[in-house]
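Encoded as structure tokens, the structure appears first; notes follow it.
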Amino acid sequence: MATQRIVRVRDGEAGDSWGLLVDDETVDLLADSPFDGLQPTGEKRALASVKLLAPIDTGARLIGVGLNYMKHAEESNLPAPEQPMLFHLPSTAIVGQGDDIVYPREGQVIHFEGELGVVIGRPARRVSAANALDYVLGYTIANDVSERVIQKKEMANGCMLICKGYDTFKPLGPCIVTDLDPSDLQLTTRVNGDVKQSSSTSDLIFPVPQLIEYMSAAITLLPGDIIITGTPSGVGDIHPGDEIVIDIEGIGTLSNSVVAEG
């Protein structure tokens, strides 16, 4: 099947709406949520006339995966996990393409993390890896922004939430791309134009189908859930004034600037 690019947009006429990007300039609004089928209304908006929102709203469940690239585990001086290392993230951290990442007052060492996001399309329980991709609506780009000083303290107590859960710490976008093979997608992260990460999803320790199989053995994954699959090596500091641009082959570009908390 041909890929589709699903977006959420805000304009003065329709409010917040789902749509399909029919080209790089036009959005065809959907009749309903993409989880109920991709049914265009024929009502179109110029992309330049609307605000592009995060492709999933703040009702989503976000599940992060830690140390899922071998070289990232090595740069973190940690062994590769024997099973997926999972953590929950608050949906209130979600922002979209072009939105600011707010550097909190208590922030000391904050890192970017370019990642592939997997959007679940229908309920999944005890799904095999062989069939796992049938339960995926599509794929997006994520930046798993993390405060490392807080993270170290939290992980010493066996948890991880605040360090990755600040408001604006989970940029997602710019769209959800359907019918994409996630097994070998090039991922590149730039900070102020300088390449910091360059890798492929073929380097994932636990590929997307295995992650879905592992999670769904215990947890029913629901439409709109997002699995953020882990970051490759090259993570580093960000500061107010920086611009982070993440490209994933076949999906597009997610860009966000960093601002100091007021």
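Determine if the stretch 116-132 includes at least one residue that is in a loop (DSSP other than H, G, I, E, B), touching a helix residue (DSSP H, G or I) at 6+ places or on another chain (Cβ under 7 Å) and among the aliphatic types (A, V, I, L, M). So that I can check it myself, show each step before the final result.
Narrowing the stretch 116-132 to residues in a loop (DSSP other than H, G, I, E, B): 121-123, 125-128.
Filter once more, so that each one left must be touching a helix residue (DSSP H, G or I) at 6+ places or on another chain (Cβ under 7 Å): 121-122, 125-128.
With the extra rule that they be among the aliphatic types (A, V, I, L, M), the set shrinks to 127.
For the stretch 116-132, residues in a loop (DSSP other than H, G, I, E, B), touching a helix residue (DSSP H, G or I) at 6+ places or on another chain (Cβ under 7 Å) and among the aliphatic types (A, V, I, L, M): present.
In the stretch 31-72, how many residues are without any contact (Cβ under 8 Å) to a residue 60 or more places away in the chain, over 15 Å from Ile6 (Cα atoms) and either outside the structural domain of Asp11 (by TED's automatic domain parsing) or β-branched (Val, Ile, Thr) (or both)? Here the count works out to 1. Filtered by the rule that a residue be surrounded by 14 or more Cβ atoms within 10 Å (Cβ to Cβ) and either in contact with a Gly (Cβ under 8 Å, 6 or more places away or on another chain) or without any contact (Cβ under 8 Å) to a residue 12 or more places away in the chain (or both), the stretch 77-87 gives Pro81, Met85, Leu86, Phe87.
In the stretch 1-21, of all residues being more than 22 Å from the chain's Cα centre (by Cα) and surrounded by 14 or more Cβ atoms within 10 Å (Cβ to Cβ), the one that is nearest to Cys175 (Cα to Cα) corresponds to Asp11. The number of residues in the stretch 111-125 that are within 30 Å of Pro240 (Cβ to Cβ) and crowded, with 23+ Cβ neighbours inside 10 Å comes to 6.
Output yes when any residue across the stretch 175-196 is over 14 Å from the mean Cα position of the chain (by Cα), part of a helix (DSSP H, G or I), crowded, with 16+ Cβ neighbours inside 10 Å and hydrophobic (A, V, I, L, M, F, W, C), and no when none is. No.
The values are calculated or read from the model by the stated rules, or taken from the named source; none is laboratory data. Being a predicted model, the structure only gives us computed values, none of them experimental. FYI the Cβ positions are ideal-geometry reconstructions off the backbone, even for glycines, and counts take in every protein chain you see.
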